[in-house]
Amino acid sequence: MNLVQVLESLKTDPETRDAIVHWETIPPRAPITRPFPGHVDKRIVDVMASRGIPNLYSHQHDAIEAIEAGKNVVVVTPTASGKTLCYNIPVLSQIMKEPESRALYLFPTKALSADQVNELHGVITDTKVDIGTFTYDGDTPQDARRAIRSAGHIVVTNPDMLHAGILPHHTKWIKLFENLKYIVIDEVHQYRGIFGSHLANLLRRLKRICHFYGSDPQFICCSATIANPDELASKLIEAPVVKIDNNGAPSGEKHFVLYNPPVINRELGIRKSSINEAERLASRFISQGIQTIVFGRYRMQVEIILKYLKDRFKNKESRGIKIAGYRGGYLPNERRAIEHGVRTGEITGVVSTNALELGIDIGSLDVSIMCGFPGSIASVWQQAGRAGRKSGVSAAIMVATSSPLPQFLMSHPQYFFKRSPEEGIIDPDNLIIRSSHIKCAAFELPVWMGEKIGPEPVDDMMEYFEEKRIVRKTGDKYYWSSDIYPANEVSLRSASPENFVILNRSDNDRVIGEVDYFATPEMLHPEAIYMHGADTFQVKKLDWEGRRAYVEDAKVDYYTDAESKTDLKMLEADEEKELVSATEDGVAPEVDTMPVIGHGDIALTRVVVLFKKVKFHTHENVGSGPVSLPEQEMHTTAFWYRFPPDFAITANLTESNLGGGLRGVANLLQKIAPLWLMCDPRDVRALSRVRDPFHGGPTLYIYDNIPGGVGFARKLFGMVPDLFQACKAHLTGCGCDEGCPSCAGPPLELGDYGKSMTLKVINLILNNCQENIS
């Protein structure tokens, strides 16, 4: 069967038809073209024509014109719309006009950097102009680095290499920094939360060094569709940007299917496993030789789906069916071989984390299947765009889990096909992140008294570093005086500076991966099952002080899932607001009888207490065990909703019913909030207390699960009505009787009448919110 026939079979097969909750057919779109602007070098225009590009798409034309006018831009168009020409054409044209000009390209991953250089090389070769274009990353040979520093017109790198390999050695890059005209930042929507907050500080350091060498580069940014691409880009570069979003690229017909696995336990709201359903759907296409990519939410999920597909097709390689996995933990040569195999069609099915969500060239696949909600609507469209990158029919299928957010989206498909509510949020002034980068800045160049690195002078921080003997003050400058190389102490992907290394005892202690500090207790506790390349390893020893985990090969039929306990302490409120609601006689109540919303600083103490063994395929619990590891403390930020101390009495609720209702609201908040915050669901957590020791009354907390916080709590403070209205819509739309994992939580967690109590609490919250808005 061909692709269209397999899609039709999904509509008629009893096993799949009832699980399809929405089928959107996106019609093909004709191109909108414009001629090349007259200022573009004719050699580039001729090369483009020889490559079948006689004209530009409308967004490419407008971006090139804005760049020529000296504007910083952010180009916001879908996957495969030709965004690369928006920056390649003006950069190449500028270098042809002024050969001393330089450009710096930043991509979020090494793989994407290498891929883009290959495309750029082809264009440059055809122009027959000597424009040195090089990738500079951790895989670049030492003997090539000197040549790149002196002869590179275009240096293509990633934030990690800029942070640790270029800025600290800026004296070797004088030619680049003296003549830097353009800084290209691709996949801007990826730079949110921790990673984006790090990048904003990295760009502060980059601009500081450019200023030292007398250059003032222009920024060219590209982004997927989100609600605030221009705001995000402007916060990253701390300068105004022009948004270009008039997409003129053509596209083929695409079928977008929302697939909700059948309910197998109505009382508990449990559905068939999304992993099993995604694997089963993928096998329908792969068995017909239709090239398919399956995206897993986490690397454990990727390894499980990969194992299932390999088991299904292990005897069919002779028929040309080959399955491969792809994720960040694989070695570079493994990833390059897989990319080549997918591009050439040698690999029929690939299972990947979001590592292949970005614009790495893997050719044109036919089907993209997402196992679970990827974490943001922008990511959904990026992953869906991996199928049908050229003209022709393609399909994207999102398979929902039983969690509240995917279930909410299954019931509200308009969030996919109308304007997205999600925003990229960063906090460049997160104290942990900012202080780490100011250390790096001091290493790179002396810091003047009163100097601003970011919006504020850094004198207080430099005085603290001087007390710690990290810097010394001479005259009106602070000079680096420590033996530490500060860039090595900072991971751009984490707010925590420490990672745990995983060593395989079965292979002479070979390093097979690493896990960040805060995730280690859950992933690398003793007896945990760690998966890599569909292989299973068991953690035999966790050296907490040495930051090492020792594993051995293990042939097991289960994986492990850890549970933790968290305690919360209030530190300081940054902002609070009383929600005043008049009594029946129109008189405002006493202050301590009014609900309060606020946000501020908290301290969390977390400890993993046990782990469960979960059987492959059936996902049944086949055992458990205790975990004894040190507590982890984290300072972060939280949003809270505080009820009056006598709320239970005035709302006519027993303490038990109130507790269940609060837990239900907390569960909903934790799952629904990421849709607005555009964050990983693990980046926010919610907690409820019937008697809060700091406020006295019932309190709901939702906090940034990131050291120092990155602005999520502050954002939630300003969107209370929308957030709780979405929670209510999802709760009332769920078909269960008294709560389930897909909405507020199961009755075993919430107690009797848990769903109705949750709804009552939400309604009371919304009543107060509406009265304060109207």
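The values are calculated or read from the model by the stated rules, or taken from the named source; none is laboratory data. Nothing here was measured: the structure is a model prediction, and the numbers come from that model. When we count neighbours, we look across all protein chains shown, and the Cβ atoms used for this are built from the backbone with ideal geometry, even at glycine. To get the accessible areas, we keep the full protein, side chains included, count just its heavy atoms, and leave off ligands, DNA and RNA. Shrake-Rupley method; radii C 1.70, N 1.55, O 1.52, S 1.80 Å.
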Given (1) under 28 Å from the mean Cα position of the chain (by Cα); (2) open to solvent by less than 20 Å² (accessible area, probe 1.4 Å); (3) modelled with pLDDT under 90, identify the lone condition not met by H635.
(2)
Just to be sure I understand the filter: pairs with C-beta atoms under 8 Å, separated by 6 or more residues or on different chains, first member in region 555-574 and farther than 19 Å from S624 by Cβ and without any contact (Cβ under 8 Å) to a residue 40 or more places away in the chain, second member among the hydroxyl-bearing types (S, T, Y) and open to solvent by less than 80 Å² (accessible area, probe 1.4 Å). Which pairs pass?
K555/T536; D567/T605
If you go through region 81-110, how many residues are crowded, with 24+ Cβ neighbours inside 10 Å and assigned to a loop (DSSP other than H, G, I, E, B)?
1
Please enumerate the residues belonging to region 285-302 that are farther than 19 Å from S403 by Cα, of a type outside the set (V, I, T) and open to solvent by less than 50 Å² (accessible area, probe 1.4 Å).
F285, S287, Q291
Assess whether L668 counts as being among the hydrophobic types (A, V, I, L, M, F, W, C), at pLDDT 90 or above and over 28 Å from the mean Cα position of the chain (by Cα).
no
Go through region 52-80 and give me each residue that's part of a helix (DSSP H, G or I), under 21 Å from I226 (Cα atoms) and open to solvent by less than 10 Å² (accessible area, probe 1.4 Å).
S58, H59, Q60, A63
Being more than 24 Å from S81 (Cβ to Cβ) and not basic (K, R) is the requirement here; does H22 meet it?
yes
Pairing a residue in region 152-175 that is without any contact (Cβ under 8 Å) to a residue 40 or more places away in the chain with any residue that is of a type in the set (V, I, T) and assigned to a helix (DSSP H, G or I), where Cβ atoms lie under 8 Å and the two sit 6 or more apart in sequence or on different chains, gives W173/I166
Region 443-532: strands (runs of 3 or more DSSP E) wholly inside it with 1 or more residues that are open to solvent by 10 Å² or more (accessible area, probe 1.4 Å), on the phi < 0 side of the Ramachandran plot and modelled with pLDDT under 90 are 499-504, 510-516, 529-532
Against the definition (over 19 Å from D186 (Cα atoms) and at pLDDT below 95), how does G52 come out, yes or no?
yes
Counting only residues that are surrounded by fewer than 15 Cβ atoms within 10 Å (Cβ to Cβ), in a helix (DSSP H, G or I) and not acidic (D, E), how many does region 28-46 have?
1
Look through I220, I275, I226 and report the one residue that is modelled with pLDDT of 90 or more, open to solvent by less than 30 Å² (accessible area, probe 1.4 Å) and closer than 25 Å to P108 by Cβ.
I220
Qualifying position, being open to solvent by 10 Å² or more (accessible area, probe 1.4 Å), within 26 Å of V596 (Cα to Cα) and modelled with pLDDT under 85, among E771, E749
E771
Go through region 712-722 residue by residue and tally those that are surrounded by fewer than 24 Cβ atoms within 10 Å (Cβ to Cβ) and not charged (D, E, K, R).
5
All positions within region 312-327 that are open to solvent by 60 Å² or more (accessible area, probe 1.4 Å) and either farther than 20 Å from I290 by Cβ or at pLDDT below 85 (or both)
K314, N315, K316, E317, S318, R319
Hey, any hits in region 384-393 for a residue that's closer than 25 Å to T25 by Cβ, open to solvent by less than 30 Å² (accessible area, probe 1.4 Å) and part of a helix (DSSP H, G or I)?
yes
Kindly indicate whether any position in region 130-142 is acidic (D, E), open to solvent by 30 Å² or more (accessible area, probe 1.4 Å) and within 22 Å of L492 (Cβ to Cβ).
yes
Elements of type strands (runs of 3 or more DSSP E) contained in region 134-234, each with 3 or more residues being in contact with a helix residue (DSSP H, G or I) (Cβ under 7 Å, 6 or more places away or on another chain) and farther than 24 Å from M678 by Cα
154-157, 180-185
Just one of (1) assigned to a strand (DSSP E or B); (2) under 18 Å from E119 (Cα atoms) trips up A49, so point out which.
(1)
Could you list, in sequence order, all residues of region 694-710 that are open to solvent by 10 Å² or more (accessible area, probe 1.4 Å) and either at pLDDT 90 or above or under 26 Å from the mean Cα position of the chain (by Cα) (or both)?
Y703, N705, P707, G708
Can you tell me which residue within region 644-676, out of those that are touching a strand residue (DSSP E or B) at 6+ places or on another chain (Cβ under 7 Å) and farther than 18 Å from S756 by Cα, is surrounded by the most Cβ atoms within 10 Å (Cβ to Cβ)?
A673
What residue, among those in region 16-27 that are outside any strand (DSSP E or B) and in contact (Cβ under 8 Å) with a residue 40 or more places away in the chain, is most open to solvent (accessible area, probe 1.4 Å)?
D18
Per the list (1) under 30 Å from Y191 (Cα atoms); (2) of a type in the set (G, A, S); (3) touching a Lys or Arg at 6+ places or on another chain (Cβ under 7 Å), residue check on A638 breaks on (3)
